[in-house]
């Protein structure tokens, strides 16, 4: 129909972008990767480095299954492009251990058969001392409710 926008199938983005050579520092180890510039940090970790502790959940950054630490601060790896985090220190759940000694968070996940934080939040609330401050989600304040009543 004249004047109407073309359908999605007719809209082409052109050729795929050239792959990028990047270096990611993950769990204290540098990794040289060749990636499509559109690759998320989550996909780089899971598909290229085979670190599968960070999960694909909603893909929108809402569920938190993809949470990693970047320079000590938690980020949703599904929302970060791998090429833009070059030079940053990334720590995954696999990188929390000290040698053979599990980090308390890893031990809690195994002991309680937890898949990810938001999926089993009620279990982790009872054991909040095991969750490092950097991984604790910021709870929204609700009017008329005290923080103690929320748990």
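Mind listing whichever residues of region 69-92 are farther than 16 Å from residue 24 by Cβ and surrounded by 15 or more Cβ atoms within 10 Å (Cβ to Cβ)?
The answer is 74, 76.
If residue 57 passes every condition in (1) part of a loop (DSSP other than H, G, I, E, B); (2) surrounded by 19 or more Cβ atoms within 10 Å (Cβ to Cβ); (3) touching a strand residue (DSSP E or B) at 6+ places or on another chain (Cβ under 8 Å) but one, which one does it miss?
Condition not satisfied by residue 57: (3).
Could you check how many residues of region 33-54 are in contact (Cβ under 8 Å) with a residue 40 or more places away in the chain and either over 16 Å from residue 91 (Cβ atoms) or over 13 Å from the mean Cα position of the chain (by Cα) (or both)?
Looking only at that region, the number is 6.
Looking at region 32-54 only, could you name the residues that are within 25 Å of residue 103 (Cβ to Cβ) and surrounded by 15 or more Cβ atoms within 10 Å (Cβ to Cβ)?
Scanning region 32-54 gives 40, 41, 42, 43, 44, 45, 46, 48, 49, 51, 53, 54.
State yes or no: is residue 84 at pLDDT 85 or above, farther than 18 Å from residue 105 by Cβ and in a loop (DSSP other than H, G, I, E, B)?
The answer is no for residue 84.
The values are calculated or read from the model by the stated rules, or taken from the named source; none is laboratory data. Everything numeric here is computed off the predicted structure, so don't read it as measured data. All Cβ positions, glycine included, derive from the backbone under ideal geometry; neighbour counts span all protein chains shown.
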